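Report on the following structure.
The values are calculated or read from the model by the stated rules, or taken from the named source; none is laboratory data. Remember, it's a predicted structure, so these values are computed and weren't measured experimentally. Every residue, glycine among them, receives a Cβ derived from its backbone with ideal geometry; neighbour counts consider all protein chains shown.
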Amino acid sequence: MSTEQGLTARIFLHALTEGGRWSVREMTMDLRVDYQSAKDAMSSMSETGSLIRHEKSDEAKTLTYSVTERCRLPSGLTLMEVTRALRKAGETV
């Protein structure tokens, strides 16, 4: 798995496990990764359907991203990794 795929997988699994909406800043703090790398990865993931992008609004002053049931799995993820993330999130698999 390439470094880019590895970061994409980490972001996806973290967002899936923790739930909610994530700003780039929040994701970089939790994963301890470079801001620009996370921003580029999350933007790309929203374009490919791995994350849903939520635009800024009066209530939400920051662009955020989330994983929903409509999201596509990023390349390189295994069923085992997704199953573990769902179990950790408290979902029934």
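Among the conditions (1) under 10 Å from the mean Cα position of the chain (by Cα); (2) over 21 Å from Glu69 (Cβ atoms), Met27 misses just one, which is (2). Against the numbered list (1) modelled with pLDDT of 95 or more; (2) in contact with a Ser or Thr (Cβ under 7 Å, 6 or more places away or on another chain); (3) among the charged types (D, E, K, R), Lys39 comes up short only at (2).
Selection within region 55-93: residues that are within 14 Å of Thr17 (Cβ to Cβ), in a loop (DSSP other than H, G, I, E, B) and small (Gly, Ala, Ser). The member of this set that is modelled with the highest pLDDT is Ala89.
For region 40-70, a residue qualifies if it is surrounded by 16 or more Cβ atoms within 10 Å (Cβ to Cβ) and out of contact with any strand residue (DSSP E or B) (no Cβ under 6 Å at 6 or more places or on another chain), and the qualifying residues are Ala41, Met45, Ser50, Leu63, Val67.
Exactly one residue out of Glu55, Glu4, Glu18, Glu26 is closer than 15 Å to Leu73 by Cα and among the acidic types (Asp, Glu): that is Glu4.
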